[in-house]
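Beneath this line is the structure, given in structure tokens, with notes to follow.
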């Protein structure tokens, strides 16, 4: 649908430019054959050129059904460890990027409705025309076929080789001249032009200049037919008088050529006008060449010029969450079953399972929350686009990168890919402070890629954290937020301090993130941890919501300050 709409817009722009050129520079000239060629060229040029710019081959992978994550999280609240104080959820709402999408979809559907309406109108007119041809009394004369139409008493018009003659017209003295006029329409195949215009109107019904073009096509047909009749007629005066005195009548089919078109004054003016010079004709036709070239390069060559940089112009590629519904369709089921069993045997907890498809330097990346004194495993699997048997891409040139927000590298597997491989595994032991990491998968050969990324929590490889003092879950005097506030104030500040990630809105990602934290003896919030993760974008936003919050009045047990642990769900919901 989008391609058809884009094509119609680009075609309309081409047609509008060429139509305006004709209107201001050519329509008053008397070289009717050249004018007709230009009008036909305008029609065909505006139809063909935008085809070279329609993008058929780049589809962004559909985001996983993130809406189901919210329900799953709510239904599995009981899987959170018992023995923590679980606060009421903080609900972060945002409008789906759906408004712009909905607006664009509304425009597209309105356009398609207009196309359907005008197509039906076109078919109805064609149907009526063929019904008239079938029911009329026919008389053949060489390449012409005369149809007597009693219902259209005073009309004469033509469609291809058929000349429709009203019953009353046969007895009028000017009948012969009118018939010669219609024969000229048949001789020049003017019906082809009219059918092309009507077909283009189906696609460009919204473009006012297409109707101006139709009017000018018909005008030029009349001028050309008049010129042909006058050139072969022995009595030019009688024909001019016939045009001047002709009773105007517009009851003809849109796709037919009719003598009784309301152009009498213009036709007289053009027939008596001094012929345009050949030099002027050539100069004006040459003037359209640069315009046609500009349209060609602007529409037909835009993809070619940007081919190497196409990925840079496209929207960012994001990782999608892997769900059981994707197994066997989006990702190989056997691969997932194997690595899940492997990590279970090693005692590694799977934090994220993500997948993405990308090409060249338009690589996927996401923010992840990293915690101090935790060892993370990053596992990359390269799958084939299709699965004809062996589902792994054995010579993949993919590699992983993990950086700090300031661009400082944490890890990279670029130097380990050598001749290419199907999977990579690396462990990062976080001995520095907790913070944000930017994780990405890249390809040094600019190939088309399909990757599955698994992030796990492994046993620590480095120094162990000091043993914490006892952490209480319930105490005699519970912590008080901001000295005098209560839990509702804390939740309110969380809501004020969090922003729904713009990229998550764009991808319609929603769900619930569970975060545990400790209020220490000084009333500070420490040891924030993701108890139940969701999409990395939501996890990151939830963790950042705790930055800058007020301190608490510490909880007390037997009159002494102690550490108290809480868990709070943060619900990201799109309307």
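The values are calculated or read from the model by the stated rules, or taken from the named source; none is laboratory data. Computed from a prediction, not measured in an experiment: that's the story for all the values here. Because the Cβ atoms are built from the backbone with ideal geometry, glycine has one as well, and the counts that use them run over all protein chains shown.
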The residue that is surrounded by the fewest Cβ atoms within 10 Å (Cβ to Cβ), considering only those in region 480-492 that are in a helix (DSSP H, G or I) and out of contact with any strand residue (DSSP E or B) (no Cβ under 8 Å at 6 or more places or on another chain), is 488
Return the pair list, or none, for Cβ contacts closer than 7 Å from residues in region 441-455 that are assigned by TED's automatic domain parsing to the domain that holds residue 422 to residues that are surrounded by 24 or more Cβ atoms within 10 Å (Cβ to Cβ) and assigned to a loop (DSSP other than H, G, I, E, B), at least 6 apart or on different chains.
453/319
Would you check if there is a residue in region 554-571 being in contact with a helix residue (DSSP H, G or I) (Cβ under 6 Å, 6 or more places away or on another chain), surrounded by 17 or more Cβ atoms within 10 Å (Cβ to Cβ) and outside the structural domain of residue 351 (by TED's automatic domain parsing)?
yes
Counting only strands (runs of 3 or more DSSP E) entirely within region 522-575, those with at least 1 residues that are at pLDDT 90 or above are 525-532, 560-574
Do you know which residues across region 504-521 are at pLDDT below 90, part of a loop (DSSP other than H, G, I, E, B) and crowded, with 19+ Cβ neighbours inside 10 Å?
507, 509, 510
Can residue 380 be described as crowded, with 19+ Cβ neighbours inside 10 Å, in the same structural domain as residue 454 (by TED's automatic domain parsing), part of a strand (DSSP E or B) and modelled with pLDDT of 80 or more?
yes
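Residue by residue, here is whether (1) assigned to a helix (DSSP H, G or I); (2) surrounded by 12 or more Cβ atoms within 10 Å (Cβ to Cβ); (3) modelled with pLDDT under 90; (4) in the same structural domain as residue 513 (by TED's automatic domain parsing) holds:
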{"site": "27", "(1), (2), (3), (4)": "no, yes, yes, no"}
{"site": "51", "(1), (2), (3), (4)": "yes, yes, yes, no"}
{"site": "64", "(1), (2), (3), (4)": "no, yes, yes, no"}
{"site": "68", "(1), (2), (3), (4)": "yes, yes, yes, no"}
{"site": "88", "(1), (2), (3), (4)": "no, no, yes, no"}
{"site": "93", "(1), (2), (3), (4)": "no, yes, yes, no"}
{"site": "118", "(1), (2), (3), (4)": "yes, yes, no, no"}
{"site": "124", "(1), (2), (3), (4)": "yes, no, no, no"}
Please indicate, with yes or no, whether at least one residue in region 10-19 is at pLDDT 80 or above and over 28 Å from the mean Cα position of the chain (by Cα).
yes
Could you run through region 299-319 and say how many residues are in contact with a strand residue (DSSP E or B) (Cβ under 9 Å, 6 or more places away or on another chain) and at pLDDT 65 or above?
4
Out of region 332-371, which residues are buried (at least 17 other Cβ atoms within 10 Å of the Cβ) and part of a helix (DSSP H, G or I)?
335, 336, 339, 343
Considering only region 320-331, I want to know if a residue exists there that is modelled with pLDDT under 70 and either over 22 Å from the mean Cα position of the chain (by Cα) or buried (at least 17 other Cβ atoms within 10 Å of the Cβ) (or both).
no
